[in-house]
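Notes to accompany the following structure.
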Ligand SMILES: Nc1ncnc2c1ncn2[C@@H]1O[C@H](COP(=O)(O)OP(=O)(O)OP(=O)(O)O)[C@@H](O)[C@H]1O
Ligand SMILES: [Mg+2]
C-alpha cells in the first residue's frame, strides 16, 4: 500500500490554458515535499487540486492508497490541514479562540455553540483549550493567546494560522507560500519550524510546501518537485534539483523577467 498522499498524472485546464499537465507526486509520512516554480508555473493550482478547490480534468489522487476526492470542508476529517496565502484569521476572536476553532471538529459539541453562549460540555471545552495552548506554546506564541490577531505583527499572525492548522491534528499539512511577506530572520525561524513538523512528539505530520522562495524550499524539503508551465521539469532531493539545467533555466528566466518588469 502507498502511504501518504499521491497525485497521479494530474491535468488541469482553464479554458484554453493548461495550468497542470501530467503532474505526479507523492508525500509520504515523515516527509517535507516542496513544489517550486516561477510565477504562473501552476503551484497554487496544484495546491487547490489537493484542497478540492479545483477539480482536475485528468488524473487521480490517492490517500494511503485509497481514491481521494478532496472537498474543502471535508479535508480536516481526512487528516489534512492547510494554511492559505494571507492568514485568514477570525478578527473577532482571540488568538486562542482562533486556534481552538481549528480543533473544534474533535469536540463532541462544536465551537459555534460555545461562541454563541449555548451550553456545551465543560470537559470538551477544557480539553480544546488545553490543546490549543499546547500548540501555541510549541510555536513560541503562547504569550499572545489573549490578543486579537489584528494587533499582532504579520510574522506572529502567520504562526497563529499555522497553529490553527496544527490544532486539527493533521497527518498532512499543506502550506501555500508561507514565507510570503516575511523578513529573512522570520523565514529562518519558519524553516526550522517546518523541518520539525514530521518529527513532532505528538501528532507528527508530513508537509506539502508550495513556495516561490527557493532558499526556504532548499532548506526544509526532503524532496522537491519543480514546475514550469504546468509540467514537472525536475524532481528529487534539493542537492540534485539545484544542479538541474531545467531549474537553472526556469529560475534564471524568472529572475530576468522580474528584473525587466
Ligand atoms: N481560476 C483560474 N482561471 C483561469 N486561469 C487561471 C486560474 N487560476 C490560475 N490560472 C492560470 O493558470 C496558470 C497557473 O497559475 P498558478 O496560480 O497555479 O501559478 P503559480 O505557480 O501559483 O504562480 P505564482 O508564483 O504567481 O503564485 C497561470 O497561467 C494562471 O494565470
Ligand atoms: Mg501561487
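The values are calculated or read from the model by the stated rules, or taken from the named source; none is laboratory data. As the structure is a prediction and not an experimental result, all values here were calculated from the model. Positions of Cβ are backbone-derived with ideal geometry, glycine not excepted, and every protein chain shown enters the neighbour counts.
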Inset, instruction - Can you tell me which residue within the stretch 54-88, out of those that are surrounded by fewer than 19 Cβ atoms within 10 Å (Cβ to Cβ), assigned to a loop (DSSP other than H, G, I, E, B) and within 14 Å of the chain's Cα centre (by Cα), is nearest to ligand 1 (Cβ to nearest atom)? - result: 85
Inset, instruction - Could you give me the residue pairs with C-beta distances under 6 Å whose first residue belongs to the stretch 45-57 and is over 11 Å from residue 72 (Cα atoms) and in the same structural domain as residue 13 (by TED's automatic domain parsing), whose second residue is part of a helix (DSSP H, G or I) and within 12 Å of ligand 1 (Cβ to nearest atom) wherever it lies, and which are 6+ apart or on separate chains? - result: 56/49
Inset, instruction - Output yes when any residue across the stretch 181-204 is within 16 Å of ligand 2 (Cβ to nearest atom), within 20 Å of residue 102 (Cα to Cα) and in contact with a strand residue (DSSP E or B) (Cβ under 9 Å, 6 or more places away or on another chain), and no when none is. - result: no
Legend entry - Index of the failed condition, residue 252 passing every other in (1) closer than 17 Å to residue 27 by Cβ; (2) at pLDDT below 95: (1)
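Here is a yes/no grid of residues against (1) touching a strand residue (DSSP E or B) at 6+ places or on another chain (Cβ under 9 Å); (2) more than 16 Å from ligand 2 (Cβ to nearest atom):
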| residue | (1), (2) |
| --- | --- |
| 15 | no, yes |
| 42 | yes, no |
| 51 | yes, no |
| 58 | yes, yes |
| 68 | yes, yes |
| 83 | yes, no |
Inset, instruction - From 216, 197, grab the single residue that is crowded, with 19+ Cβ neighbours inside 10 Å, under 15 Å from the mean Cα position of the chain (by Cα) and more than 16 Å from ligand 1 (Cβ to nearest atom). - result: 197
Inset, instruction - Would you check which residues across the stretch 173-190 are away from ligand 1 (no atom under 16 Å from the Cβ) and buried (at least 22 other Cβ atoms within 10 Å of the Cβ) and list them? - result: 173, 190
Inset, instruction - Using the structure shown, decide if residue 223 is surrounded by fewer than 17 Cβ atoms within 10 Å (Cβ to Cβ), in contact with a strand residue (DSSP E or B) (Cβ under 7 Å, 6 or more places away or on another chain) and farther than 15 Å from residue 103 by Cα. - result: no
Inset, instruction - Go through 23, 49 for me and flag whichever is more than 22 Å from residue 246 (Cβ to Cβ), buried (at least 18 other Cβ atoms within 10 Å of the Cβ), within 16 Å of ligand 1 (Cβ to nearest atom) and at pLDDT 95 or above. - result: 49
Legend entry - Test for residue 240: is it at pLDDT 90 or above, more than 20 Å from residue 197 (Cβ to Cβ) and touching a helix residue (DSSP H, G or I) at 6+ places or on another chain (Cβ under 6 Å): no
